[in-house]
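Contents: one structure, followed by commentary.
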Amino acid sequence: MDSIIQGIAIYALPVIFAITLHEAAHGYVAKHYGDLTAYMAGRITLNPIKHIDPVGTIIVPLTLFIIGKLTMGTGFLFGWAKPVPVNFSQLRHPKRDMLWVAAAGPGANLFMACFWALIIKLGLMFPENIYAKPMIFMGMAGIDINLILMVLNLLPLPPLDGGRMAVSLLPHHLAYQFSKIEPYGFMILLLLLMTGVLSVIVLPFIIFMKQLLVWVFGLYV
C-alpha cells in the first residue's frame, strides 16, 4: 500500500502538467491561427481543473495504476483529458493550419519531457540533498508520461493528433476518406490496447525517445 501511495504522489504532478500543457497548447495555437473557440471557452489556461475529465484523467488512470501495482508490481497509465474545442473552419487556412494545431499537443509533451530531464539532471548534481531522490523519481515519471502521451497522440488515427496531422497532409480526396475513420477511432484504440498491439507499436518509439533524452542530457541514474 505504501508503494501505491508513493507512486501516486510521484506521478500526480507530472500527469497534471502533461495533460494541462498538452490541451492548452492546442488552444493557444488555434487562437494564433484565427480560431477563438478555445479562448472563449476559457481553455487556454494552465489551470488543470479546466482540462480534467473526471473519468479519463482521474478514475481510469488511478484504477489502472493501482491494479498494475497490485498484479504486476508496476503501475500502468492510460487516460485522457477533456479535448480543447477547436473549430477548424475558423482557422485562416483550415487544412494547412490543422497540422500545427494538432502538432502543438505532442510538441508540448516533448517540451515537458525535456523539462523533467532537466529536473533529473538537477537532482543528480546534488545527490546529498534530501530533495534529490524525489526530484529524480518525479523526473523519471514526467519523462515516461509525456513520452507516452506524445507517441500515443502521434499515431495516425483520427481523432488523435497524428490523425489530424495526416488529414492535413493528405490530398483533399484522401483526407476526406481518411477522416471518416474518426467516429471509430477511440474504439480502434481500445481494441489495440486490449490486444497488446498498441504496446508493440508505441514501445519502440518511447524507448528510442527515452534513450535520446538520456544521451542529450547525460542522465545516468
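Values quoted throughout were computed directly from the atomic coordinates according to the rules given, and no laboratory measurement underlies them. Keep in mind the model is a prediction, meaning the values are calculated, not measured. All Cβ positions, even for glycine, are placed from backbone atoms using ideal geometry, and neighbour counts span all protein chains on display.
Brief remarks on what is shown
- Dipole moment magnitude, nearest 20 debye, the stretch 2-217 about Cα centre, only Lys, Arg, Asp, Glu C-beta charged: 340
- With the simple spin-label model, which puts each label point 7 Å out from Cα in the Cβ direction, the Lys121 to Ile58 separation comes to 3.6 nm.
- Dividing the summed helix terms, -39500 (n - 2.57) for each DSSP H run of n ≥ 4, by the number of residues in the chain produces a 222 nm estimate of -23000 deg cm²/dmol to the nearest 500.
- Sites count as exposed loop sites when they are chymotrypsin sites (Phe, Trp or Tyr not before Pro), lie in a DSSP loop, and have at most 11 other Cβ atoms within 10 angstrom; the longest stretch of the chain without one is 1-130.
- Among Trp215, Ile136, Phe88 - extreme Cα towards positive end, dipole of the stretch 2-217, charges at beta-carbon: Phe88
- Separation of the Gln177 and Leu13 label points, Cα + 7 Å toward Cβ, nm: 5.0
- Restraint check, Lys121/Lys210; Lys50/Lys95; Lys50/Lys133, Cα-Cα greater than 23 Å: Lys50/Lys95; Lys50/Lys133
- For the pair the stretch 116-134 / the stretch 135-157, the C-alpha centres are spaced 19 Å from each other.
- Among Ile44, Ile148, Ile201, residue whose mean-square fluctuation peaks in a GNM of the chain (springs only between Cα atoms under 10 Å): Ile201
- Paired Rg and Dmax values of the stretch 2-217, which use every Cα atom, in angstrom: 18.0, 61
- Between Val197, Val60, Val29, the residue with the greatest mean-square fluctuation in the GNM of the chain (Cα pairs under 10 Å linked by springs) is Val197.
- The Cβ shell under 14 Å around Val15 holds other residues with a net charge of -3, Lys and Arg each +1, Asp and Glu each -1.
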